[in-house]
Amino acid sequence: MQRRIRWVAGTAVAAILIGAGAYAWLGAARDAGGSVRAAPLAARPVPVTIGAVEAKEFSIYRVGIGTVQAYNTVTVKVRVDGEVQKIAFREGQDVNPGDLLAVIDPRPLEAQLRQAQADKAHDEALLANAKLDLTRYSALATHDYATRQSVDTQNALVAQYRAAIEHDEAVIDNARVQLGYTTIVAPLAGRTGLRLIDQGNIVHAADAAGLVVITQIKPIAVVFTLPQQDLPEITDALRSGSLEVLAYDQDNRLLLGKGQLELIDNRVEQSTGSVKLKAVFPNDDERLWPGAFVNAWLRLAVRRGPVVPTAAVQAGPEGSYAFLVRPDASVELRPVRVAAAWQGQALIEAGLAAGDRVVVDGQYKLRRGAHVIEAPKGGDKTAEAKPREATP
């Protein structure tokens, strides 16, 4: 019986203690208006992706769509009439200046050359005889055996034959030039295209089509356009020296060549508000081909400074900002000024320094003073595809 009484008394004491604790907790949780408020819970850190601010060189580009053009193009045509006796090149062959391309039947022009040479020999014989007669008439005239008129007439005849010989020499020179046109050679270094005339055909100097088209692809040119708003930056950059131009494929992934800006067109296209530029590439690996479309990257400058992923920079009503991660894992909203952005990277002009840590992904969950934790790395969603260079 006493044991039961002790158990009941202990239970009552425990109930009293629990009730007193609950009353004290409610009293502490009651606000000024007398209503009960919930006890605050400890804020959990927000999982985010964190990146470091790096100090490195940052290239500033302007990109335009361009077309690859042969540096020089020539359509090889015949300059005399005749039969094509020989085709001395292969389609797609690399040729140098002076390489033989074709031969036109030279026999008609060789005959004309011999005829002109014979005419000269004939006139030279007449001139020699006229000179002898002039000497005789001059000697007779000194003794009054010949009239002065006959001497003057003979002088005129000698001059006439001399002029005839000069005419013959001009005819010979022209015949030799025409004969030289029967041997067709390459006028420049380049690559031959499709053959336009086959061996055995009769060709004429007045024909519109030629024998073959030769294009110079080493070096090669790229003509591209940029908005006229970029002109001041380009002209300012040119004062510091030549500007590099990179040629990428249409996906901006494969680097096809590196060249130099050669010229800016002397006028702006009013219909499009753009200006044409021309760059020259060595094209030693022949990855640039006439007629192809490429993306031309004009490098205006290279600056060194703090660089962050563009995903770290947010836009707000007061300008751009980034969430700076403090050493205690809390975040600070830091205003930043972006100098340039390119290929998923941003060059920071003010607001961040090398070594700072910023939030790259997960900013929508953050507010000032929030604590963060590095999210598990399941693949960098903010990384962008980087262009790669062509491997020969």
**Complete:** The residue that is most open to solvent (accessible area, probe 1.4 Å), considering only those in segment 146-156 that are in contact with a helix residue (DSSP H, G or I) (Cβ under 8 Å, 6 or more places away or on another chain) and either free of Cβ contacts under 8 Å to residues at least 24 places away in the same chain or within 30 Å of Ala111 (Cβ to Cβ) (or both), is Arg148
**Asked** So Gly21 clears everything in (1) outside any helix (DSSP H, G or I); (2) at pLDDT below 95; (3) among the small types (Gly, Ala, Ser) except one condition, right? Which one?
**Response** (1)
**Prompt:** Does any residue of segment 137-145 turn out to be under 20 Å from His204 (Cα atoms), open to solvent by 40 Å² or more (accessible area, probe 1.4 Å), out of contact with any Lys or Arg (no Cβ under 8 Å at 6 or more places or on another chain) and without any contact (Cβ under 8 Å) to a residue 12 or more places away in the chain?
**Reply:** no
**Message:** Just to verify a result, which residue in segment 111-136, among those that are of a type in the set (Asp, Glu) and open to solvent by less than 70 Å² (accessible area, probe 1.4 Å), is nearest to Gly82 (Cα to Cα)?
**Reply:** Asp123
**Matching entry among Arg37, Arg6, Arg30, Arg62 (being open to solvent by less than 90 Å² (accessible area, probe 1.4 Å) and either in contact with a Leu (Cβ under 8 Å, 6 or more places away or on another chain) or modelled with pLDDT under 85 (or both))** = Arg62
**Prompt:** Is it the case that segment 78-87 has a residue that's loosely packed, with under 15 Cβ neighbours inside 10 Å and part of a loop (DSSP other than H, G, I, E, B)?
**Reply:** yes
**Message:** Being among the hydroxyl-bearing types (Ser, Thr, Tyr), surrounded by 17 or more Cβ atoms within 10 Å (Cβ to Cβ) and closer than 28 Å to Gly92 by Cβ is true for just one of Thr183, Thr215. Which residue is that?
**Reply:** Thr215
**Fill in**
Across segment 342-376, the tally of residues that are under 30 Å from Trp297 (Cα atoms), open to solvent by less than 60 Å² (accessible area, probe 1.4 Å) and in contact with a Ser or Thr (Cβ under 6 Å, 6 or more places away or on another chain) stands at 3
**Request:** Working carefully through the options Ala237, Ala209, find the one that is open to solvent by 50 Å² or more (accessible area, probe 1.4 Å), farther than 17 Å from Ala70 by Cβ and of a type in the set (A, V, I, L, M).
**Result:** Ala209
**Asked** Taking segment 265-299 on its own, how many of its residues are farther than 15 Å from Val68 by Cβ and buried (at least 16 other Cβ atoms within 10 Å of the Cβ)?
**Response** 4
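The values are calculated or read from the model by the stated rules, or taken from the named source; none is laboratory data. None of the values given here were measured: they were computed from a predicted structure. FYI the Cβ positions are ideal-geometry reconstructions off the backbone, even for glycines, and counts take in every protein chain you see. Heads up: the accessible areas ignore ligands, DNA and RNA and are worked out on the full protein's heavy atoms, side chains in. Shrake-Rupley method; radii C 1.70, N 1.55, O 1.52, S 1.80 Å.
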